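Data first, discussion second: the structure below is written as structure tokens.
Nothing in this text is a laboratory measurement; each read-out follows from the coordinates by a stated rule. Fair warning: this is a prediction, and the values are worked out from it, not measured in the lab. Quick reminder, even Gly has a Cβ in these numbers, built from the backbone with ideal geometry, and neighbours come from all protein chains shown.
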Amino acid sequence: MHPNRDRRRESGAALLVAMMMLALMGLIGFASMDTVMRDRQMSGNTSLAQNALYAADAGVAASLDVLRTEITTTSLTPGDCLVGTVPTATLPNGTTYGPDSTVSVANQRICMLASAEPCLEDSSLELNFFNTVWNIRTEGQARAGTVARVGATAARCHAFD
């Protein structure tokens, strides 16, 4: 056999194998980039959902603050609601909270579900304190439009005049 003839038959094989390996590595690189981009997008969406949930939770906290500070009349009975709706606000990170927009306007208020026995009497202030159960429905919204809703039931020893 002639050595030059064998070399001519092999002269393109190494280039072909190298090109196929480069193409395969390029496909693996693009697949990896796609996976990383999807993971980043999911992480961002999770962060937005978490911000919306925290904002809705802040709405519950603001509503509980209203319950702590408001003195209601003795004529308030289970099923009645406080005059105003759940508080609204915009937080420093741009998220907002307020009443749950999926319920009727009547249910966007802080409403008493039940009342029970007196929990404390303070004759010096001429107030009566009763155990009460309240319904609060809030909604938090992140800057990108992600929404989270929270429904809470709060028990409270509440002052009635």
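Summary table below
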item: Point-charge dipole on Cβ atoms (K/R +1, D/E -1) for segment 3-160, about Cα centre, debye to 20; result: 1460
item: Karplus-derived HN-Hα couplings along segment 139-150 (A = 6.51, B = -1.76, C = 1.60, θ = phi - 60°), whole Hz, x at Gly and Pro; result: 9, x, 9, 7, 4, 7, x, 5, 10, 10, 10, 10
item: Linear extension gain, V66 paired with S101, 0.36 nm per residue minus alpha-carbon span; result: 10.6 nm
item: Net charge of neighbours whose Cβ lies under 11 Å from the Cβ of Q108, counting Lys and Arg as +1 and Asp and Glu as -1; result: 0
item: For S47, S32, S104, S63, order by how many other beta-carbon atoms lie within 10 Å, fewest first; result: S104, S32, S47, S63
item: Surrounding net charge for T138, when Lys and Arg each add one and Asp and Glu each subtract one, Cβ distance under 15 Å; result: -1
item: Overall form of segment 3-160 per C-alpha gyration tensor (a/c, 1.5; a/b vs b/c); result: prolate
item: Neighbour net charge for H158 - beta-carbon separation under 10 angstrom, K R +1, D E -1; result: +1
